[in-house]
1. Against the empirical 2.2 N^0.38 Å scaling, what ratio does the C-alpha Rg of segment 83-155 come to?
2. Taking a temperature of 4 °C and a viscosity of 1.567 mPa s, what whole-number D in µm²/s does Stokes-Einstein yield for segment 1-112 with Rh from Kirkwood over alpha carbon pairs?
3. Label points 7 Å out from Cα along the Cβ direction at R152 and L122: separation in nm?
4. Helix 7-16 versus the longest principal axis of the chain: what angle, 0 to 90°, nearest 10, using Cα atoms?
5. Rank-order 124-137, 62-75 by packing density, defined as the average count of other C-beta atoms within 10 Å over each peptide's residues, highest first.
6. So what's the net charge close to K28: Lys and Arg +1, Asp and Glu -1, counting the other residues with Cβ under 14 Å from its Cβ?
7. Which of the peptides 114-120, 24-30 is most tightly packed, and how do the rest follow, judged by the mean count of other Cβ atoms within 10 Å per residue?
8. Beyond 18 Å between alpha-carbons counts as too far, so tell me which of K39/K68; K28/K79; K8/K68; K39/K101 fall in that bin.
Amino acid sequence: GAGFAGTKEISDLHAEDQSAFGDAAAAKLQAQIDNQANKNEVVDQLFGSTDFSNSIVRAMVQGFQFSKDVDSFAGTAQKYFDRILDIWQTRDFQNAETLAKQLYPFQSVTPETLQIGETWLLEHPTAPRALVRLIEENIFITRRALKVQASRRPQ
């Protein structure tokens, strides 16, 4: 499984298939490596580079979302909110929408993530309406998930 593949194994497999499909598969597998350093690196790559095709972006996002350890996502919520407005304003719509929807920190359902999101909304009153709506919807989901978590805790 992808959880057991490391960078060398992924590189070796990619060398066997240099097609667009092979590129996307390698990008997805690399993004699946389940540790905090890798998940943060994936966010940095996606937010820092405009060189990736939309299919590579989608593959990396799919790999990023895979994890058996929510602690792997530590730090990614702040990165998301620090960069998402710039991404929305500088990328083509398909790429920006994919990143805004799929990199939202759903894996980090914590009061801190909720606070970061609510603060972002307060600090960005003139952000594009479509982005604000997307973030508001995601914050609603985070808030609801926190309520469910709280209701399941022993009293």
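1. Against the empirical 2.2 N^0.38 Å value, I get 1.21 for segment 83-155.
2. 91 µm²/s
3. Computed distance between label sites R152 and L122 equals 2.9 nm.
4. So the helix axis and the longest Cα principal axis differ by about 50 degrees.
5. 62-75, 124-137
6. Working: positive: K39, R58; negative: E9, D17, D23, D34.
Result for the local shell: -2.
7. Working: 114-120: 16.4, 24-30: 21.6.
Going from most to least packed, we get 24-30, 114-120.
8. Working: K39/K68 12 Å; K28/K79 20 Å; K8/K68 21 Å; K39/K101 16 Å.
In this structure, K28/K79; K8/K68 lie more than 18 Å apart at Cα.
Computed from the coordinates by the stated procedures, all read-outs in this text should not be read as laboratory data. Bear in mind that the values here come from a model prediction, so they are computed numbers and not experimental data. Don't worry about glycine lacking a Cβ; one is built from the backbone with ideal geometry, like all the others, and counts go over all protein chains shown.
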